[in-house]
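Novice: There's a structure below that I have some questions on.
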Amino acid sequence: MENTAVQFVAGTSVSSVVKLAGNTLLALQFGTLWTSADISFLGSGDGVTFGPIYDDQGNNVSLTVPSLVSNMIVCLSPDILATIGKFHWLKFVSGSYVSQTNQSANTSLTLIFGSF
């Protein structure tokens, strides 16, 4: 799968949807308009009904995003890859599922796919 982007509309904290369909998501690239926030994930088996993704210990699966540098790329850990890779469809949440951070401008995340 070629790299693709998901969109965040200004004033919202949940991205557009992406279909993984067995492709391996390796990293996220943040654009210059990203409002600083970690990333958590919503998963779906049908592309319609989404829910927050938790690991087998009951923790909301999330990616810590360091202080933003323009066009920064953050790699996903093997644990995150193993967990979110089970879903056919994903949305991305700005912030944690229970404490979401609205994006202040229209922005996107570039999803980087590849082999693991």
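The values are calculated or read from the model by the stated rules, or taken from the named source; none is laboratory data. Values in this document were obtained by computation on a predicted structure and should not be read as measured data. Cβ sites come from the backbone with ideal geometry, for glycine too, and all protein chains shown count toward neighbours.
Novice: What are the residues in segment 25-59 that are aromatic (Phe, Trp, Tyr), crowded, with 17+ Cβ neighbours inside 10 Å and either closer than 14 Å to Ser96 by Cα or in contact with a Phe, Trp or Tyr (Cβ under 7 Å, 6 or more places away or on another chain) (or both), if any? Steps first, answer last, please.
Specialist: Going residue by residue through segment 25-59, those that are aromatic (Phe, Trp, Tyr) are 30, 34, 41, 50, 54.
From what is left, the residues that are crowded, with 17+ Cβ neighbours inside 10 Å are 30, 34, 41, 50.
Correct list: Phe41 only.
Novice: Count, please, the residues in segment 1-35 that happen to be part of a loop (DSSP other than H, G, I, E, B), within 22 Å of Gly47 (Cβ to Cβ), at pLDDT below 95 and of a type in the set (A, V, I, L, M). Give the steps one after another, and end with the answer.
Specialist: Of the residues in segment 1-35, the ones part of a loop (DSSP other than H, G, I, E, B) are 1-3, 9-13, 15-17, 20-24, 31-35.
Remaining after also requiring within 22 Å of Gly47 (Cβ to Cβ): 1-3, 9, 12-13, 15-17, 20-24.
Subsequent filtering for residues that are at pLDDT below 95 retains 1-3, 20-24.
From what is left, the residues that are of a type in the set (A, V, I, L, M) are 1, 20-21.
Number satisfying all stated conditions: 3.
Novice: Among (1) β-branched (Val, Ile, Thr); (2) surrounded by 16 or more Cβ atoms within 10 Å (Cβ to Cβ); (3) under 12 Å from Gln103 (Cβ atoms), which single condition is Val18 missing?
Specialist: (3)
Novice: Now for a different question. Which of the residues spanning segment 67-90 are touching a Ser or Thr at 6+ places or on another chain (Cβ under 6 Å) and either surrounded by fewer than 18 Cβ atoms within 10 Å (Cβ to Cβ) or closer than 16 Å to Gln29 by Cβ (or both)?
Specialist: If the condition is that a residue be touching a Ser or Thr at 6+ places or on another chain (Cβ under 6 Å) and either surrounded by fewer than 18 Cβ atoms within 10 Å (Cβ to Cβ) or closer than 16 Å to Gln29 by Cβ (or both), then Leu68, Ser70 are the ones that fit.
Novice: What are the pairs, 6+ residues apart or on separate chains, where a residue within segment 63-87 that is closer than 14 Å to Ala37 by Cα has its Cβ under 8 Å from a residue that is part of a helix (DSSP H, G or I) and modelled with pLDDT of 90 or more?
Specialist: Listed by first residue and then by second, the contacts come to Leu63/Ile80.
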